[in-house]
Structures are given as structure tokens and as C-alpha cells.
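Each remark here refers to the structure printed beneath this line.
Values in this text are rule-based calculations from the coordinates and carry no lab data. It should be emphasised that the depicted structure is a prediction, and the values quoted were computed from it without experimental measurement. Glycine also receives a Cβ, built like all others from the backbone with ideal geometry; neighbour counts cover every protein chain displayed.
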Amino acid sequence: MYRFFITLIGCFISGCVTTVVPTGSADRIFHDDLFEAASTPVHAEDALTVSDAMRHYAQDQLLHSMDGVNRNDVRTLFVRKTYQKGELKLDYDASQTRTAAQAFESKSGNCLSLVLLTSAMAKEIGLSVQYQSVVVKPDWNRKNNFFVSIDHVNLVISDPLARVISWPREITIDFLPSEVAQAMETTTIDEKTVLAMYSNNRAIESLMDGKINDSYWWARESLRQDSNFPNAYITLGVIFREISRADLSEQVLSQLADLAPDNTAMLANRILVLRELGKIQEAEKLADRLARLDPHPPMSYFKQAQKEMVEGHFEIAKRLFEKEIERDPDRQEYEFGLALAYFKLRDNVHAYQHMYRAFELSTNLPVHDLYKAKLEKLKSLGVQ
């Protein structure tokens, strides 16, 4: 089955490792006439709107507690009251990307929602905000027919009223462990890019939910915010392919190819589109290029391991599952596959260990129950 490669802005107060491309108009790749109106208003600026409840909280809980506090300590106090003391009692929820106001109201959100909330609240009490993309290897996940890449961003807050000699002048907020975050390379990005990230997230989430019209308008909004944002081009290309307009998908992806020729997600999608259009020779040329840039694409070892399992080559499958886990150690489906390989090799002790690891990593209740049943089965065979 063909897969689409798109990029979601998700974990660890998320953002994107953004490829900067020359500024240009994206208007010629829009085709509004092919889509119905969105089911809800599509305005990226809403992502940072401060609600009355947020404003009251900033006044009563934040600013009030800062009366008499030295301006040099305001940033530290803001972080402590907002996150370290947990006064907002925020829960992590990756189900959707919320606006700052929605995250505040529900006391939950994915990481991009939390960076929006942090930014809005910081600015409400007079702090300055700077966004940074964090250069990390993309974390790929699979959802239905899509491979989704999750990239990262963090947030730096400073106080324009603090004395210049104050230390620290800036505080970085990042949900990664501090020793990891400090070691990472970062690049400053504009707020318009963050809003483009938010819109692109909404486009992908709508696409996952089968809301193709909403998805189009959010992808369009993402490019309206920042026409230099590559991920939105990719999402728009996927949307056109979903409505059987491979010709329009190729138009979008070829424009991105002129701007970012080494973007592997673009190449992977464009290969599929060119094959659908019957341009086999051009597709194969790009496939060779992609193979040189990314010889082991997302989940390639996992897919090969599944094939080896079907063919009864359990030792080979085991090694392939182990290679996939080595480069992505926190995926329940990899651990489950490895457990099955060990079971087929009659090594029930290791099968139990990896099945338990899959059980720990699973967040979907039916899958969680399946793993639990498998563990009980292994226990019945005398494995503890």
C-alpha cells in the first residue's frame, strides 16, 4: 500500500526543523474551487488569542504574585508558577493541536499547544518571546496510510524591563530533559512560522479525520502565514492526491522541489505522484536520488521484518526488529514484533520481556488489552 509522508508539529513544545527557501507567492498552487467551505473558521491568529479566563489568571495569579518582585526575577517566577509548581495542572494530550485559549480551558494539549499557551501568557504579563527550531532527527510515526514526522521547537522568554546586567537574561522553556535540550542546535524562527506550523498541524489532523475540505483550508492558511514553510507544500500535495488530482499534487511538489530539492518527504511523495501520472522514468530517477539521501527510510527495517515473519525467517526478522528498535526505541509495534519473533524462535523469556515493553508503551486501550492477553498467555506457559 502506498504511503504519504507529511510533517506534524508535535512533541516537546514542538515546532519544525524548517528548511528556509526563497520567498515567493504560493497563490498559483491554490484551487479553492475544488473544495467546500471549512466546517469551522480557519484563522491562524486565533492560536495566540488570549481569552478572558487567561487574562484573569494572568492578573490574579501571575501579576498579583509578582508585586514587589525584582524585575530580574519575574521570568523565573513565571516559569515556576506556570510549570514547575504545576499551578495550571496541565495534562499532555496529543489528540489534537489546540489554540492557547483551548489548551488553557481544557488544561491539556500537545506540545505545540503548550508552546502557544506559554507564549500567550508570557506576553500577557509583559515578557518577550522568541521561538527556536530545534535541530533533531525527525521522529516518524505511522497513522493509517500516512507516515507522520514530528519535529521540535522550544521557547525563550526574556524581560525587556529587567536590568541589562541581570542574569540570566533569557530562560529557555523546553519539555526535553534539560541536559538534552541544552546540547541541541537551535535556529530562531518568526512567529509567522509558528502560526504556519499550527495551521499545518490542523491540516494534517483534519486529513487524518477524513475532513478533506478543512484540511485544504488549513494547509492554505499555513502557506498564507509563511510561504517559505516546506511542510505545508507537502501537506497540500498530499491533499490534492487524496482527491485524485495527481496533476495538481505534482504542481505543488515540483514547486517545492525547485526550492528544497533534498527534502526527503517531498521526494517520497513526488515519486508516488509521478508513477500515478505515468512518468515512470522520472519517478525512478527521483527514487535513486531518495535512496542516496535516505537509504533506510522510516520503518523500512520494520516492514522488511514483517515480510520475513510471513516467510518464516524468524531469526532474520528478529535482527531487523532489533535494528528498527535501535534507531527508534519507544515504539510499541516494534517491541510487539520482536516479541513475536522470539516466541516463534521458542525463546519465551525474551518474548515476555519485549511483550511487556510493548504493553508499557501502548496508549491505545484495545491494543493495551491485546498485549495484556498475550502476557497472560506467556505466563500460562511458565514465563514470569
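All alpha carbon pair distances within segment 194-300 were sorted into 10 Å bins beginning at 0; the resulting P(r) in whole percents reads 16, 44, 33, 6.
Is the shape of segment 223-353 rounded, prolate or oblate, going by the alpha carbon gyration tensor and its root eigenvalues a ≥ b ≥ c, with a/c under 1.5 for rounded and a/b larger than b/c for prolate?
Details: a/c = 2.89, a/b = 2.30, b/c = 1.26.
In terms of gyration-tensor shape, prolate.
For the pair residue 276 and residue 300, label points projected 7 Å from Cα toward Cβ lie 2.4 nm apart. Taken along the Cα-to-beta-carbon direction at a fixed 7 Å, the label points for residue 287 and residue 34 span 2.5 nm. Taking 0.36 nm per residue of separation and subtracting the Cα-Cα distance, full extension of the segment from residue 322 to residue 170 would add 50.6 nm.
For the pair residue 372 and residue 61, what calculated FRET efficiency results from E = 1/(1 + (r/R0)^6), where r is the Cβ-Cβ distance and R0 = 45 Å, to the nearest 0.05? Provide the component values of the computation, followed by the final result.
Values: r = 42 Å, r/R0 = 0.92.
Between residue 61 and residue 372 the formula returns 0.60.
State whether segment 300-380 is rounded, prolate or oblate according to the following rule on the C-alpha gyration tensor (a ≥ b ≥ c being the square roots of its eigenvalues): a/c under 1.5 gives rounded; otherwise a/b larger than b/c gives prolate, and the remaining case gives oblate. Show your work: numbers first, answer last.
Values: a/c = 1.89, a/b = 1.27, b/c = 1.49.
Judged from the Cα gyration tensor, segment 300-380 comes out oblate (a/c at least 1.5, b/c at or above a/b).
Pairs from the list 323/344; 107/211; 285/318 with a Cα-Cα gap above 22 Å: 107/211; 285/318.
Quote the FRET efficiency, to the nearest 0.05, computed for residue 254 versus residue 105 with a Förster distance R0 of 35 Å and r equal to the Cβ-Cβ distance. Efficiency, rounded to the nearest 0.05: 0.25. Take 227-233, 190-196, 292-298 and order them by the average number of nearby Cβ atoms within 10 Å per residue, most first; the result is 227-233, 190-196, 292-298.
Taking amide H atoms as placed 1.01 Å from N in the peptide plane, the amide H of residue 128 lies under 5 Å from those of 158, 159, each 5 or more residues away in sequence or on another chain.
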